[in-house]
Amino acid sequence: MFCAYTIKSISWSLSTLLQAFKTLVEQDMIPMKLCLFIDGLDEYSGLPGDLAKLFETTTHATNVKACVSSRPYVVFKERFAKQPQLRLEDLTQGDIQQYVLDMIEKDQWIQNHSIDDQKQLDQLISEIVNSAAGVFLWVKLIVMDLKRGLENHDRISQLQQRLKMLPTDLKELYEHMVIRVDEIYKVEASRFFQLIAAALDRKDDWRTVQPLTIQTLALAEDDDPDFVFKADSEFLSAYNIQSRIEELDVRLRKCCGGLLETQFGKSSLRVVTPTMKVSYIHRTVKDYLDDPETGIRNVLLHRTGGLSADSFNPHIALQKAYILELKALESVPKNAVAAQVLVDNIVTFARRAEGDLCVSNVDLMDELLRSANKWWQSAEGKHFLPPGQTIISLAIQCGMHQLLQAKLQAETRGIEDLDELHGRPLLDYAVNPAEAFQPFTPRLLASVSRQTVMVLLEHGANPNKAWKNSKGILQSPWQNALTYLISKPYNILGNKDKEDLLIRWAGVLMALMQYRANVGADCVGQRKALFDDNGAPVLNEDGKRMFKETTSNAKMVVDEVFNGFSKHKAVETLSSNLAVRLKSTAHS
């Protein structure tokens, strides 16, 4: 039943969740033993005392046991004082000491030079181990910093001074490494941090973003801003990519204080290869950099000139890098999927760059289309875009309204001629995802753009212009938008971002209504299965289920699809405006 998709989402309050948990623990109707393993009580955003009380009370039940971990906050130490405890530093001290010995005492410089005071070296190692409090990550970062001192031929006494200057708290250590990096490395380090941050997924991205490889990172930070336009398919051979990525691996450690690193995985050779990923040394680094209270992201952005058009932009840099990788990819049919992934990446970062700068880099998108056409022509003997499609239809389906605006302004042909050229109203590309040409099938949230619809309407697009779609059905863009919403409700109402999707669609429908969409027109509705008198599905001669076509209209779509979100301002405005328009239409 369609109503299955219109159940209102339930919002759980903290008090309701706590009561539900208490009921679960205290119930005796169903035999149950519950064992909880919970890490990081100190990361709870509320009052630590409330959390301590919850677990203190819960574990009084005979059928519940809990193993929890936390930094040694006073409230936890007091509340759990009578419970069995383990201290991490007691368990890991031996391993940490061995690690420090291996990394410092066996360092090549130490091996090649006589140490006047072995006692002083032992004391340094002991100070590191005792300050670690069982945190291996802190030790690794500290040792990396001290090894830089060894590379500078620091004496043991100077290494001890270095150690005393470094914070023992992990977050403070991160700040020390990011903020107090050598002046000469600040801009370079900021670029690296911005590029790695850009490779994290966002819900309205065109496609899912993957962690950067060290080759992509090397291409993204190339000094020549025009290299992407000059490079041909053979550029990697002259580019000497292996030496570049080896150098980049060293620069990452030098500039970023060890907070970014190449992921060698299970490789024991420590040889950098182009496909190795680059990421944060630990998730807490990302958490620290993203924390709005620290303001570190703004500091890093300021170091590279902010968001001005002339400043470094990680999304444009990655757009260029992926175009270069597409050019370098061997043009053979077996690489078609890899080529499409690169195109998806380019579109994703081009969309982000538009959002940052409120302007599209038209030259880069033209270069994408040239490179993609050349690759597919060589690999499969065809153009990248289907026949009749252009960068204009590409911009519409990618939701890149700034690119669309630039291309339409440069056009000498009007919207009617462009509709004819594309064999379909341009507006239909923007409001009818069901007719998206392959392989452009993005995340649903990325396929809806009111700004793109408005650009087309402002250039004269007609929401009531009928055309015959791939199924031979004659409908206008307005009718096709309604059909899409009513005929595939699970696409939206079954999506985890359904609220955002519906709000965006409300904006699209409002824009079409603003430009005189025929609100009284019927449209193709849901296909409904046929059943006989006994409730069995009706089958055709081939044994396949039979369906009947239904019709729908704007009011039915809004009532059914947007049901459950009627109190949201955008949906409320859509419903009231539609009612006014329908009443006006009935009286005219």
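Reported count of residues in segment 225-260, each being within 17 Å of GLN194 (Cβ to Cβ) and in contact with a strand residue (DSSP E or B) (Cβ under 7 Å, 6 or more places away or on another chain), is 3. In segment 502-541, of all residues being without any contact (Cβ under 8 Å) to a residue 60 or more places away in the chain and in a helix (DSSP H, G or I), the one that is nearest to SER552 (Cα to Cα) corresponds to TRP505.
Return yes or no: is GLY564 touching a Ser or Thr at 6+ places or on another chain (Cβ under 6 Å) and under 28 Å from LYS468 (Cβ atoms)? Walk me through how you get there before you give the answer.
Values: touching a Ser or Thr at 6+ places or on another chain (Cβ under 6 Å): yes; under 28 Å from LYS468 (Cβ atoms): no.
Criteria not met by GLY564.
If you go through segment 287-304 and keep only what is surrounded by fewer than 17 Cβ atoms within 10 Å (Cβ to Cβ) and in a helix (DSSP H, G or I), you end up with ASP287, ASP290, ARG297, ASN298, VAL299, HIS302.
Restricting the first member to segment 557-572 and to residues that are in contact (Cβ under 8 Å) with a residue 40 or more places away in the chain, and the second to residues that are among the charged types (D, E, K, R) and assigned to a loop (DSSP other than H, G, I, E, B), the beta-carbon pairs closer than 7 Å and six or more apart or on different chains are GLY564/LYS8. Screening LEU51 against (1) under 26 Å from SER15 (Cα atoms); (2) buried (at least 16 other Cβ atoms within 10 Å of the Cβ); (3) modelled with pLDDT under 85 leaves a single unmet condition, (3).
Looking at segment 193-206, is at least one residue aliphatic (A, V, I, L, M), within 21 Å of GLU261 (Cα to Cα) and free of Cβ contacts under 8 Å to residues at least 12 places away in the same chain? No - not one qualifying residue is present in segment 193-206.
When only residues in segment 206-224 that are modelled with pLDDT under 90 and out of contact with any Asp or Glu (no Cβ under 8 Å at 6 or more places or on another chain) count, which is farthest from ASP366 (Cα to Cα)? Ranking the qualifying residues of segment 206-224, first place goes to GLN210. Is there a residue being buried (at least 22 other Cβ atoms within 10 Å of the Cβ) and touching an Asp or Glu at 6+ places or on another chain (Cβ under 9 Å) anywhere in segment 329-343? Checking segment 329-343: at least one residue is buried (at least 22 other Cβ atoms within 10 Å of the Cβ) and touching an Asp or Glu at 6+ places or on another chain (Cβ under 9 Å). If I filter segment 192-203 for residues that are over 26 Å from the mean Cα position of the chain (by Cα) and of a type in the set (Gly, Ala, Ser), do I get at least one hit? No: segment 192-203 contains no residue that is over 26 Å from the mean Cα position of the chain (by Cα) and of a type in the set (Gly, Ala, Ser). Note on segment 174-191: residues that are surrounded by 15 or more Cβ atoms within 10 Å (Cβ to Cβ) and over 27 Å from the mean Cα position of the chain (by Cα) total 3. Among the residues of segment 405-431, those that are assigned to a loop (DSSP other than H, G, I, E, B) and buried (at least 21 other Cβ atoms within 10 Å of the Cβ) comprise ARG424, PRO425.
Taken over segment 35-48, the criterion of being surrounded by fewer than 13 Cβ atoms within 10 Å (Cβ to Cβ) and either among the hydrophobic types (A, V, I, L, M, F, W, C) or in contact with a Phe, Trp or Tyr (Cβ under 9 Å, 6 or more places away or on another chain) (or both) is satisfied by CYS35, LEU36, PHE37, LEU47.
Scanning segment 53-82 for residues that are in contact with a strand residue (DSSP E or B) (Cβ under 9 Å, 6 or more places away or on another chain) and over 23 Å from TRP138 (Cα atoms) yields a count of 10. Screening the candidates SER566, SER584 for the property of being of a type in the set (S, T, N, Q), part of a helix (DSSP H, G or I) and either in contact with a Gly (Cβ under 6 Å, 6 or more places away or on another chain) or more than 25 Å from HIS459 (Cα to Cα) (or both) yields one hit, SER584.
The values are calculated or read from the model by the stated rules, or taken from the named source; none is laboratory data. Just so it is clear, the structure is predicted and the values come from calculations on it, not from any experiment. Quick reminder, even Gly has a Cβ in these numbers, built from the backbone with ideal geometry, and neighbours come from all protein chains shown.
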